[in-house]
Amino acid sequence: MTSAIKPKAGTRPSKARIRQSFERAAPTYDSAAAIQRKICVRLAEGLPDLAPVRVLDAGCGTGYAQADLQARFPEAHAVALDLSPGMVQRVASPCCRIAGDLEHLPLADKSLDLYWSSLAVQWCDLAIALREAERTLRPGGVIALASLGPATFHELRHAFADVDEHRHTLAFHSTAEIRQLASAAGLSAVDIRKSTEIAHYADFKTLLRAVKAIGANQLGDGRRTSLMSRTSFQLAEAACEQLRTPAGLPLTYDVIYFYARK
């Protein structure tokens, strides 16, 4: 039963705003995505042995994973899909490029052997995305995805806790919720692993700019819709400074790695 899982939809922006955000971020994404690349590499390290005929990179971004996936599976037909046409256009590796929605994959039933997705499903209704993954996988097919857990960007929540009542981060699913949703979608042999990645920044402005540069600054209901006052910014900055380490201001990625079979 999935009824015990609280919906996260209200914390997410509309598809149009997500697409627009990543369209704007496409030119800056690669220069700001060091953590994202590291997560992508770790997701690949956990792949089971398989010889896929068709591989989907769901939420491909600028296509960083393509080189590794194609090196691992040189005989496979590669498909790179992203909600943002601007991101898809930046995929340099030879593959089939599609601008599309993870919740409504433009792919036939049982057409994939590997459904791969790194840091994209947090922008989706996860129950729907997992059902679409299951629908498009052949029997025995593998799903490998990386998403973000509840501790992600907790520094931002701390910074703004005494400034306003607006939402400043997405609401992320826990590992228990992901496992439950995967089971409901018909996936089995679920293996979930966790890690923590921390980026560091020289100051609060640089931290916020980095979040914007990767397109992760969009929110749904409860977000601030007006400009922040100078006083509010200074309060948030001072609160964030309380967390400073010798390496700089931290920003945490609570990473969940998920592997399963159909």
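Values in this text are rule-based calculations from the coordinates and carry no lab data. None of the values given here were measured: they were computed from a predicted structure. Here the Cβ is made from the backbone with ideal geometry for all residues, glycine too, and neighbour counts use every protein chain on show.
Quick notes on this one:
- In degrees, nearest ten, helix 204-213 long axis to first principal axis of the chain (Cα): 30
- Candidates Thr206, Thr175, Thr136: whichever shows maximal mean-square fluctuation once the chain is modelled as a Gaussian network with Cα springs under 10 Å: Thr206
- 0 to 90° range, to nearest 10: angle between helix 126-136 axis and the chain longest Cα axis: 20
- Computed from backbone phi, the HN-Hα couplings of segment 84-101 come to 9, x, x, 5, 4, 5, 8, 6, 8, 5, x, 6, 7, 9, 9, 8, x, 10 Hz, rounded to whole numbers (Karplus: 6.51 cos²θ - 1.76 cosθ + 1.60, θ = phi - 60°; Gly and Pro given as x).
- Counted charge near Val190, where neighbours are those whose Cβ lies closer than 10 Å (Asp, Glu -1; Lys, Arg +1): +1
- Note, ³J(HN,Hα) from phi for segment 241-249, Karplus 6.51, -1.76, 1.60, rounded to Hz, x at Gly and Pro: 4, 5, 9, 4, 10, x, 7, x, 7
- Nearest-0.05 FRET efficiency for Leu50 and Ala184, computed from C-beta distance (R0 22 Å): 0.35
- Rounded to the nearest Hz, the phi-derived 3J(HN,Hα) couplings of segment 34-48 under the Karplus curve 6.51 cos²θ - 1.76 cosθ + 1.60 (θ = phi - 60°) are 4, 5, 4, 5, 4, 5, 4, 5, 5, 4, 5, 5, x, 5, x, where x marks glycine and proline.
- The calculated pair-distance distribution of the chain uses every alpha carbon pair, bins of 5 angstrom beginning at 0, and gives 1, 6, 13, 17, 19, 17, 12, 7, 4, 2, 1, 0 percent.
- Taking the DSSP bridge list for the chain and keeping only pairs wholly inside it, about 55 percent are antiparallel.
- Cα-based Lys proximity count in the chain, under 24 Å, for pairs eight or more positions apart or on separate chains: 10
- From the alpha carbon centroid of segment 59-131 to that of segment 135-181 is 19 Å.
- Of the GluC sites (Glu not before Pro) found in segment 43-106, those in coil by DSSP whose Cβ has at most 16 other Cβ atoms within 10 Å are Glu75.
- Looking at segment 140-187, the GluC sites (Glu not before Pro) that sit in a DSSP loop and have at most 12 other Cβ atoms within 10 Å of their own Cβ are Glu165.
- Using just its DSSP H runs of length 4 or more, each adding -39500 (n - 2.57), the chain gives a mean residue ellipticity at 222 nm of -10500 deg cm²/dmol after division by all residues.
- Where labels lie 7 Å past Cα in the beta-carbon direction, separation of Asp162 and Arg261 in nm: 5.4
- With the simple model of a label 7 Å out from the Cα in the direction of the Cβ, Glu75 to Ile192 spans 3.5 nm.
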